[in-house]
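Comments concern the structure below.
The values are calculated or read from the model by the stated rules, or taken from the named source; none is laboratory data. If you're wondering where the values come from, they're calculated on a predicted model, not measured in any experiment. Here the Cβ positions follow ideal geometry from the backbone for every residue, glycine too, while neighbour counts run over all protein chains shown. Accessible surface is based on the protein model in full, side chains and every heavy atom, while ligands, DNA and RNA are left aside. Shrake-Rupley method; radii C 1.70, N 1.55, O 1.52, S 1.80 Å.
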Amino acid sequence: KSEDEVVWITYVLRDGTKKKIRGKVGDNVMYLAHRYDIELEGACEASLACSTCHVYVDDAFTNKLDEPKEEEEDMLDQAPALRPNSRLGCQIILRKDLDGITVTLPQMTRNFYVDGHKPQPH
Ligand code: FES
């Protein structure tokens, strides 16, 4: 792949470790994570029918992303531990202006709880 297609992305894993990945323009943040064995779920295969691909987007990049679609908002509403910078990973497609983006995996999803307790609805 040519250099101007390269988009670096850092995933902050649930244990706090950072994984910097050399992605490219057009990569889907959820599928890219899967290619590198990062435990970002994607239960519905990017069809906006789950919220398990929930990530927090680095503040420097939240405004660069397109506004979430209504379907994405609806799904995010069901994600535990929602924050203002919450997005669905499967809806983030890498672009050149997103080079250097960091996304953080939440401590829990609807299917996965770090501490073994079911999250309280917010
Ligand atoms: Fe289900 Fe993203 S994988 S909404």
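The set of residues in region 88-104 being away from the ligand (no atom under 13 Å from the Cβ) and assigned to a loop (DSSP other than H, G, I, E, B) consists of L94, R95, D99, G100. Looking across region 52-65, the residues that are in contact with a strand residue (DSSP E or B) (Cβ under 7 Å, 6 or more places away or on another chain) and either of a type in the set (G, A, S) or within 21 Å of M108 (Cβ to Cβ) (or both) come down to C53, H54, V55, Y56, V57, D58.
The set of residues in region 65-82 that are away from the ligand (no atom under 15 Å from the Cβ) and surrounded by 12 or more Cβ atoms within 10 Å (Cβ to Cβ) contains only A81.
Counting the residues of region 16-54 that are open to solvent by less than 50 Å² (accessible area, probe 1.4 Å) and within 16 Å of the ligand (Cβ to nearest atom) gives 18.
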